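Since the structure comes first, as structure tokens, the remarks are kept for the end.
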Amino acid sequence: MQFGTYTEIQCPPGRDHAELIQDVIRLAEHADERGFDVFTTLEHPFFEKFAINPNPLALFCTLAQRTKNLRFRALCHTLPLHNPMILAGEIAEADILTGGRLECGIGRGHAWLNEPANIVMEENQERYVEALDILLKAWTEERFSYHGKYYTVDDLSVVPKPLQKPHPKIFQVGTSLKWFERAAKSGWGVCVGGPAPSFVFKEAADFYLDACAKAGTEPTLGYIKAIYVDEDESRAHAEAESAVRNFVDFNVSPMDSLARSTPEEKQRLTDAGYAFYAADDFPALRNLSYRELIDAGIVFVGTPEKVGQQLLELQAEFGFQELIIMSYYGGIERWKAMRTQELFAKHIMPKLRAEARRSEAA
């Protein structure tokens, strides 16, 4: 059983960007000292409230100089937004600079990223396929050629090569069964979770674990869960409420930029593989009260005993090999996020590890 932390680096209006990033650095240092295994964040260049992290590799290289054991993973590199020949070399160099502690999350990215990045939405899926093919070739072949619809490569050597061979471990994000099947067959990990009830991710998670069993590969299913922990239940809710509401609002806020008000616009999103963004379920989270968000399991808030039990039940439901907690979200103060990490590491992590060992021995 592995444990990680995840942050989007959400930025409330008026907050200083440099201050937020320094908070993240200190939280990662603390996580390393408390025995967490991996630090994860996303790559997201636009929409300030959602995230201010266009270059996670730079952050990882900084953190590698300040930590001893943490591994680092972007969830995810948005492949259609990149020139894959350049990205392959950047990831390889970051692998070297982190001493081989880098992992590589990949995905198509949120629908709202396409237009500001000057990517035609309908091209996103094909660009993703080609970019992934090129990354793998660039890392594993001394020289390679590739002739696709969007990228043409003739006898190119991308340097440097990754420190880890054949390349850093890959993690697929999202819930696409097609891509989760490829991940299983390739021995890659996957990550699910986020600001939604757990049932949203159950089909994809079960499919991945079953596909790994059929392929004979070792699964690495990661689950991301936002939590807030305090020794006192009432105080936990009083301190968490504002951040929880911001967490949901900030996650939903980029949806306002999408053209999705007419049936035709929603159909365009669906046809481009973005049915999630055409539906109204995610934006509707904004209309829920704090208590409704808690009852829906969007964030687990409470004492170590209560949150620990909720996470044990989640572990039993999903059978994940990795739990990644979110403690820094919605403009929450750094000391609150650090206390959540502290209490999780001291009281909850040992119970989850023990339960995982019992399950493996059964």
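Derivation of every value follows stated rules applied to the coordinates shown; laboratory data play no part. Note that the structure is predicted; figures quoted are calculated from it, not measured. Methodologically, a virtual Cβ is constructed for each residue, glycine included, from the backbone with ideal geometry; neighbour enumeration extends over all protein chains shown.
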Restricting to bridges with both residues inside the chain, how much of the DSSP beta-bridge set is antiparallel, in percent to the nearest 5? 10 percent
Size-normalised alpha-carbon gyration radius of the stretch 1-140, reference 2.2 N^0.38 Å: 1.07
Looks like the stretch 209-315, by Cα gyration tensor root eigenvalues a ≥ b ≥ c and the a/c under 1.5 rounded cutoff (else prolate when a/b is bigger than b/c, oblate otherwise), is oblate
List the lysines whose alpha-carbon lies under 16 Å from that of K346, not counting same-chain residues fewer than 8 positions away? K306, K336
Under 14 Å between alpha carbons, and skipping anything fewer than 8 positions from K266 in its own chain: which aspartates and glutamates qualify? E122, D256, D280, D281
Scan the stretch 105-210 for GluC sites (Glu not before Pro) in coil per DSSP, keeping those whose Cβ has at most 11 other Cβ atoms within 10 Å, and list them by number. E142
Estimated FRET transfer efficiency (A213, R66; beta-carbon r; R0 45 Å; 0.05): 0.70
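Note down the net charge around F72, summing +1 for each Lys or Arg and -1 for each Asp or Glu among other residues with Cβ under 9 Å from its Cβ.
Surrounding charge for F72 is +2.
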Taking N as the number of residues in the stretch 257-362, what is its alpha-carbon radius of gyration divided by 2.2 N^0.38 Å? 1.43
Rg/Rg_ref, the chain, where Rg_ref = 2.2 N^0.38 Å and atoms are Cα: 0.96
For G319, what residues show an amide H to amide H distance below 5 Å, using hydrogens built from the backbone and excluding near sequence neighbours? none
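Can you list which of the GluC sites (Glu not before Pro) found in the stretch 277-362 are DSSP loop residues with at most 14 other C-beta atoms within 10 Å? Don't jump to the answer; show the numbers that get you there.
Details: sites: E292, E305, E313, E317, E322, E333, E342, E355, E360; in loops: E333.
Taking the stretch 277-362 and a limit of 14 other Cβ atoms within 10 Å, the loop GluC sites (Glu not before Pro) found are E333.
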Pull out a ≥ b ≥ c, the square roots of the eigenvalues of the alpha-carbon gyration tensor of the stretch 59-163, then state rounded if a/c is under 1.5, prolate if not and a/b is larger than b/c, and oblate in the remaining case. oblate
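Once a ≥ b ≥ c are taken as the square roots of the eigenvalues of the Cα gyration tensor of the stretch 1-83, is the result rounded (a/c under 1.5), prolate (a/b larger than b/c) or oblate (a/b not larger than b/c)?
oblate
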Taking a cut-off of 16 Å between Cα atoms, list the lysines near K137, but don't count ones fewer than 8 places away on the same chain. K161, K165, K169
Centre separation in Å (Cα based) which lies between the stretch 201-270 and the stretch 1-66: 18 Å
Rounded to the nearest 500, what is the 222 nm mean residue ellipticity of the chain from helices alone, with -39500 (n - 2.57) per DSSP H run of 4+ residues and division by all residues? -14000 deg cm²/dmol
